[in-house]
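Chemist: For reference, the structure I am asking about is given below.
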Amino acid sequence: MKAQISYIVILACFFAGCINNSSSTPVAVTKMELSPSFITDTLEHDTDDPAIWIHPQDPSKSLVIGTDKDLNGGLFVFDLKGKLDSSRSVKGLKRPNNVDIEYGLAIGDTLVDIAVATERLTHKLRIFRLPDMKPMDNGGIEVFLGETGTEYRDLMGIALYKNKAGAIYAIVGRKNGPTDSTYLWQYELKGTRDSLVQVNLVRKFGAYSGLHEIESIAVDDQLGYIYYSDEGVGIRKYYADPENGNQELALFGTGSFKEDNEGISIYTLTDSTGFILVSDQQDHSFHIYPREGTTENPHTHPLLRKQYVAARESDGSEIISIPLLPDFPFGLFVAMSDDKTFHFYRADQVIGDSLLKKN
């Protein structure tokens, strides 16, 4: 991704000074809503969570994959103008909730990109090869085995993590779970010779308030952190690598959301700087925090600003900083909207304008 790194340097200059790494007062909030560049074709049931796959040779051919959450739901594939690609979309999934993407899973001597979704009603992970969306899971892989509590196996959130050695993990959440810091389960994914995927449970971790639920999970591969929304409480931060331990590193965003803090997405400027965006679901806005924390503490994430968007009641979101020309020169931000669509925004308009004006 050397091309991405050089572009990120340009972005860092473009946004220079937008974060003061000492504590500062957030930019004033306005109620002006940002309109999307594109709105996807309407799905049948209930859109929930998007993921973005970057084409390795031609970024303009990149894809957005989104869940349609229903008993007869699916994973639907869109181009960068929001047009549905029916030939690659997967129908007939049993309430698929969240989806994430990772690059370079080893299948023998071949590396393949994958999309992994949670299928709530079957308690299974569903794994598909990208970009053709061919299944790699032999009908699904059951997780949270042995759990007997009410809704303890009803899958919701998922985030994929690739460590520096190339191992890929799935961090999985559920509709309900214990409050003994074992709410999330982390599985290592391994490819087999017959082009299928197997999983191995490596740890249980993650505090849970018991107030609402935990759905949105995001991973910062470069810095090695997991973030997740303990809805109605705040955003919790942990190490992504099991070898680094299960201690909670931060709890931020407390008391600043109208009701539920939801979708989380991470925008990279450099290897260590950028932004964390979190949906304020009932306020139709996104809270923006510094990815690198502050100079004094990398695990302190003060609110920088709020951006209102046209998307309603947004659950899931995703953002990338790679330019997708001509429409998204500074990257793409995708947010679910409760009218059965996903909204596509220019990443710089979601993140940059007010921060630039501040400086």
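Taken together, the values in this text are just the output of simple stated rules run on the coordinates, not laboratory data. This one's a predicted model, so the numbers in the text were calculated from it and none came from an experiment. Glycine also receives a Cβ, built like all others from the backbone with ideal geometry; neighbour counts cover every protein chain displayed.
Chemist: Among all the lysines, which ones have a C-alpha under 21 Å from Lys340's C-alpha, if same-chain residues fewer than 8 places away are not counted?
Modeler: Partners within reach: Lys69, Lys81, Lys83, Lys91, Lys94.
Chemist: Quick one: putting +1 on the C-beta of Lys and Arg, -1 on the C-beta of Asp and Glu, what dipole do you get for the range 136-175 around its Cα centre, in Debye to the nearest 20? Intermediate results must be reported in sequence, preceding the final value.
Modeler: On the way: 5 positive and 5 negative charges, 54 e Å.
Roughly 260 debye for the range 136-175.
Chemist: Further, regarding this structure: Give the residue list of GluC sites (Glu not before Pro) in the range 270-355 that are DSSP loop and have at most 13 other beta-carbon atoms within 10 angstrom. Mind dumping the intermediate values first?
Modeler: Values: sites: Glu292, Glu296, Glu313, Glu318; in loops: Glu292, Glu296, Glu313.
Those that pass, being in a loop and sparsely packed, are Glu296.
Chemist: What's the FRET efficiency of Thr110 with Leu251 using the Cβ-Cβ distance as r and R₀ = 45 Å, to the nearest 0.05?
Modeler: Details: r = 41 Å, r/R0 = 0.91.
Taking R0 as 45 Å, the efficiency between Thr110 and Leu251 is 0.65.
Chemist: What number in nm² do you get for the range 2-358 if you take the convex hull of its Cα atoms and divide its surface by four? Let's see the in-between values first.
Modeler: Numbers: hull surface 65.5 nm².
If I average the Cα hull's projected area over directions, I get 16.4 nm².
Chemist: Then there's this: Along the positive direction of the dipole of the chain (beta-carbon charges: Lys, Arg +1; Asp, Glu -1; about the Cα centre), which of Thr300, Trp185, Trp53 reaches farthest?
Modeler: Checking the options against the dipole of the chain, the answer is Trp53.
Chemist: Determine the gain in length on full extension of the stretch Asn244-Ala167; use 0.36 nm per residue of separation and subtract their C-alpha separation, reporting nm with one decimal. Don't jump to the answer; show the numbers that get you there.
Modeler: On the way: separation 77, 0.36 × 77 = 27.72 nm, distance 1.51 nm.
Length gained between Asn244 and Ala167: 26.2 nm.
Chemist: What percent do you get for the relative contact order of the chain when only Cα pairs under 8 Å and 6+ apart count? Can you show the working numbers first?
Modeler: On the way: 1001 pairs, mean separation 59.9, N = 359.
For the chain, the relative contact order is 17 percent.
Chemist: Is the shape of the range 264-358 best called rounded, prolate or oblate, per the rule: a/c under 1.5 gives rounded, else a/b larger than b/c gives prolate, else oblate, with a ≥ b ≥ c the square roots of the Cα gyration tensor eigenvalues? Write down the numbers at each step before the final one.
Modeler: Details: a/c = 1.91, a/b = 1.31, b/c = 1.45.
Oblate, since a/c reaches 1.5 and b/c is not below a/b.
Chemist: Could I ask something else about it? Mind checking the dipole of the chain: about its Cα centre, +1 per Lys or Arg Cβ, -1 per Asp or Glu Cβ, Debye to the nearest 20?
Modeler: Its charge dipole is roughly 480 debye.
Chemist: Let's test this: bin the Cα-Cα distances of the range 50-169 at 10 Å from zero up to the farthest pair and state each bin's percent.
Modeler: Using 10 Å bins, I get a P(r) of 13, 45, 32, 9, 1 for the range 50-169.
Chemist: For the range 155-164, what does the Karplus curve 6.51 cos²θ - 1.76 cosθ + 1.60, with θ = phi - 60°, yield as ³J(HN,Hα) per residue in whole Hz, taken in order and with x for Gly and Pro?
Modeler: Values, residue by residue: 5, 9, x, 8, 9, 9, 10, 10, 7, 5 Hz.
Chemist: What is the set of long-range amide H partners of Asp154 at a cut-off below 5 Å, with H atoms built 1.01 Å from backbone N?
Modeler: Lys175, Asn176
Chemist: How many nm separate the modelled label positions at Lys258 and Glu142, each set 7 Å beyond the Cα in the direction of the Cβ?
Modeler: 4.1 nm
Chemist: Compare Asp220, Asp68, Asp194 in a GNM of the chain, Cα atoms joined below 10 Å, and give the one with the largest fluctuation.
Modeler: Asp194
Chemist: Using mean Cβ contacts within 10 Å as the protection proxy, how do 202-213, 116-127, 247-258 order, highest first?
Modeler: So the order, starting with the most tightly packed, is 116-127, 202-213, 247-258.
Chemist: Give the lysines whose C-alpha is closer than 24 Å to that of Lys162, dropping any in the same chain fewer than 8 places away, or say none.
Modeler: Lys162 reaches Lys2, Lys61, Lys124, Lys134, Lys190, Lys204, Lys237.
Chemist: Further, regarding this structure: What order, most packed first, do the peptides 335-341, 87-93, 171-177, 51-57 have when packing is the mean number of other Cβ atoms within 10 Å of each residue? It would help to have the intermediate numbers written out before the result.
Modeler: Details: 335-341: 20.7, 87-93: 15.6, 171-177: 22.9, 51-57: 17.3.
Sorting 335-341, 87-93, 171-177, 51-57 by mean packing, highest first, produces 171-177, 335-341, 51-57, 87-93.
Chemist: Enumerate the calculated ³J(HN,Hα) couplings along the range 218-225 in order (Karplus 6.51 cos²θ - 1.76 cosθ + 1.60, θ = phi - 60°), each rounded to whole Hz, writing x wherever the residue is Gly or Pro.
Modeler: Per residue, the Karplus-derived 3J(HN,Hα) values read 9, 10, 9, 4, 5, 8, x, 10 Hz.
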